[in-house]
Amino acid sequence: MPDSVLELSPQISLLPVLHGSGDFALEVRRRILVGDYDCVAVPIPSAFEDPLEDAVGRLPAVHLVVQPEGDPGQDPESATYVPVDPCQPVISALRTAVEREIPRAYIDLEVDRYVEQASVLPDPYALKEVSLERFTAALVPALPTPEPQQMDRIHWMAFQLHLLEMDYERVLFVCAVADWPWIRDAYRQRLDYPEPSPPARAPETLFASSETLFF
């Protein structure tokens, strides 16, 4: 049995993060460098893999990997995007895994239209003084119940973790803080999962103008 709430099994470890946090980006990098992982999994659909890793290779220049939503041949009404900058923990995980030649797995669910679930969480500055395990455990009572699409994504990612166990000995899954308790439950209970929706449009890489960046 795992000896930590963040260890799903002897083969799978969770690393919950706050997106957009430099403190978490540093912690992710540190844990991968000192760990003995043979796979790093991220909560991003597989369609993003090639353009995203190309953009990671262009760091420190900041890019956006954008997937327009809607029917092909029509002007997109909305888009899903992944910001590629050094202060994103998931990007830090991918960048470090590429540097160490650790295989990467993109295990999020492909959806027709991504629905964001907003949540208000504490400043990650506390991570400088407390362990990641204590920080994330303290947040559990304040986490909102996932919306239906988010729960579908959680069940799919838990299923993908079971598949990764068949190929790898030590997998680190960098997931959102808001998702990890439900990912743990879905993984352990082997809950049913939905089928992915093939993306109607391919993601593309866009350069972020320096005038639009905070730093």
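The values are calculated or read from the model by the stated rules, or taken from the named source; none is laboratory data. Remember, it's a predicted structure, so these values are computed and weren't measured experimentally. No Cβ is skipped: glycine too gets one built from the backbone with ideal geometry, and neighbour counts run over all protein chains shown. Accessible surface areas use protein heavy atoms only, side chains included; no ligands, DNA or RNA. Shrake-Rupley method; radii C 1.70, N 1.55, O 1.52, S 1.80 Å.
In segment 37-51, which residues are charged (D, E, K, R) and part of a loop (DSSP other than H, G, I, E, B)? If the condition is that a residue be charged (D, E, K, R) and part of a loop (DSSP other than H, G, I, E, B), then Asp38 is the only one that fits.
Please go through segment 126-168 and pick out each residue that is hydroxyl-bearing (Ser, Thr, Tyr) and within 18 Å of the chain's Cα centre (by Cα). Of everything in segment 126-168, just one residue is hydroxyl-bearing (Ser, Thr, Tyr) and within 18 Å of the chain's Cα centre (by Cα), namely Thr136. Within segment 93-110, work out how many residues are open to solvent by 30 Å² or more (accessible area, probe 1.4 Å) and not basic (Lys, Arg). Selection size over segment 93-110: 4. Each residue in segment 157-166 was checked for being open to solvent by 10 Å² or more (accessible area, probe 1.4 Å) and either closer than 17 Å to Ala97 by Cα or in a helix (DSSP H, G or I) (or both), and 5 pass. Close contacts from segment 69-91, counting a first residue that is more than 20 Å from Pro199 (Cα to Cα) and a second that is surrounded by 14 or more Cβ atoms within 10 Å (Cβ to Cβ) and of a type in the set (Phe, Trp, Tyr), with Cβ to Cβ under 8 Å and a gap of 6+ residues or different chains, come to Pro89/Phe24. Within segment 125-137, none of the residues are part of a loop (DSSP other than H, G, I, E, B), open to solvent by less than 30 Å² (accessible area, probe 1.4 Å), without any contact (Cβ under 8 Å) to a residue 40 or more places away in the chain and under 20 Å from Phe24 (Cβ atoms).
Looking across Val98, Val66, Val82, one residue alone is touching a Gly at 6+ places or on another chain (Cβ under 9 Å) and among the hydrophobic types (A, V, I, L, M, F, W, C). It is Val98. Given the residues Val34, Val90, Val5, Val66, which is the only one that is open to solvent by less than 60 Å² (accessible area, probe 1.4 Å) and within 27 Å of Tyr168 (Cα to Cα)? Going through Val34, Val90, Val5, Val66 in turn, the sole match is Val90. Under 18 Å from Trp180 (Cβ atoms), modelled with pLDDT of 95 or more and surrounded by 17 or more Cβ atoms within 10 Å (Cβ to Cβ): is that true of Ala55 in this structure? Considered against the rule, which asks whether it is under 18 Å from Trp180 (Cβ atoms), modelled with pLDDT of 95 or more and surrounded by 17 or more Cβ atoms within 10 Å (Cβ to Cβ), Ala55 comes out as no. Against the condition assigned to a helix (DSSP H, G or I), among the charged types (D, E, K, R) and under 30 Å from Arg58 (Cα atoms), how does Glu116 come out, does it pass? So Glu116 fails the test. In segment 139-150, which residues are assigned to a helix (DSSP H, G or I) and under 30 Å from Tyr125 (Cβ atoms)? Result: Leu139, Val140, Pro141, Ala142, Gln150. In segment 69-87, of all residues being hydrophobic (A, V, I, L, M, F, W, C) and open to solvent by less than 40 Å² (accessible area, probe 1.4 Å), the one that is farthest from Thr212 (Cα to Cα) corresponds to Val82.
How many of the residues in segment 21-36 are part of a loop (DSSP other than H, G, I, E, B) and in contact with a helix residue (DSSP H, G or I) (Cβ under 8 Å, 6 or more places away or on another chain)? Residues flagged as part of a loop (DSSP other than H, G, I, E, B) and in contact with a helix residue (DSSP H, G or I) (Cβ under 8 Å, 6 or more places away or on another chain) within segment 21-36 amount to 1. Residues that are at pLDDT below 95, among the aliphatic types (A, V, I, L, M) and buried (at least 20 other Cβ atoms within 10 Å of the Cβ) within segment 177-193 comprise Val177, Ala178, listed in sequence order.
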